[in-house]
């Protein structure tokens, strides 16, 4: 009797181990990831500013690894050097462009998202961008301006690789863009871009 119980116990343990091994590749990957780095940003007027960046996002993959997706949870952007007194920008978005509106004397950040839930929660803008202006020391949401349309991306947005550089130059950003095929909405503030989300 004891021998048969031992056999059944071993059989169940082996079966459980086999099921775990077979299901592991199908489970996909998921988890929260954080990245920190500094980067040089060439502004539209040709001047260069240094910034510190932080991002936290959640990534997941469908069974088979062929449907990668990520959700931006938190992103911060802090200017350094002479501009270090400027408030840190923060939001669950991907900042793409930083510039200074000389006429208004305001700093501007334009951001986007690849997450449909975020897009819906933030008003479903078309094109799918949000603009923020530094007013009275605070970053305030603002309607996407004509001045922002057409601007090329000058911020680093490909922070999903496992080991991004800790210091990112403009040359590095250009090399990464040239080597990869990114969606148009990440390369410039494009008025023709639409969010690929099902209407609710």
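Numbers at a glance
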item	result
Top-ranked residue of region 112-141 - restricted to ones that are touching a residue at least 24 places away in the same chain (Cβ under 8 Å), in a strand (DSSP E or B) and out of contact with any helix residue (DSSP H, G or I) (no Cβ under 7 Å at 6 or more places or on another chain), ranked as surrounded by the fewest Cβ atoms within 10 Å (Cβ to Cβ)	138
Residue, modelled with the lowest pLDDT, within region 93-111, restricted to residues that are touching a strand residue (DSSP E or B) at 6+ places or on another chain (Cβ under 8 Å) and assigned to a loop (DSSP other than H, G, I, E, B)	104
Counted residues, region 159-191 - those being under 23 Å from residue 120 (Cα atoms) and in contact with a helix residue (DSSP H, G or I) (Cβ under 8 Å, 6 or more places away or on another chain)	2
Selection within region 39-70 - modelled with pLDDT under 90 and part of a loop (DSSP other than H, G, I, E, B)	61, 62, 63, 64, 65, 66, 67, 68
Residue 73 being within 29 Å of residue 143 (Cβ to Cβ) and modelled with pLDDT of 95 or more	no
Enumeration of residues in region 70-96 that are in contact (Cβ under 8 Å) with a residue 12 or more places away in the chain and more than 13 Å from the chain's Cα centre (by Cα)	78, 79, 80, 81, 83, 86, 87, 88, 89
Some residue of region 51-67 being under 28 Å from residue 165 (Cβ atoms), surrounded by 15 or more Cβ atoms within 10 Å (Cβ to Cβ) and touching a helix residue (DSSP H, G or I) at 6+ places or on another chain (Cβ under 8 Å)	no
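The values are calculated or read from the model by the stated rules, or taken from the named source; none is laboratory data. Note that the structure is predicted; figures quoted are calculated from it, not measured. All Cβ positions, glycine included, derive from the backbone under ideal geometry; neighbour counts span all protein chains shown.
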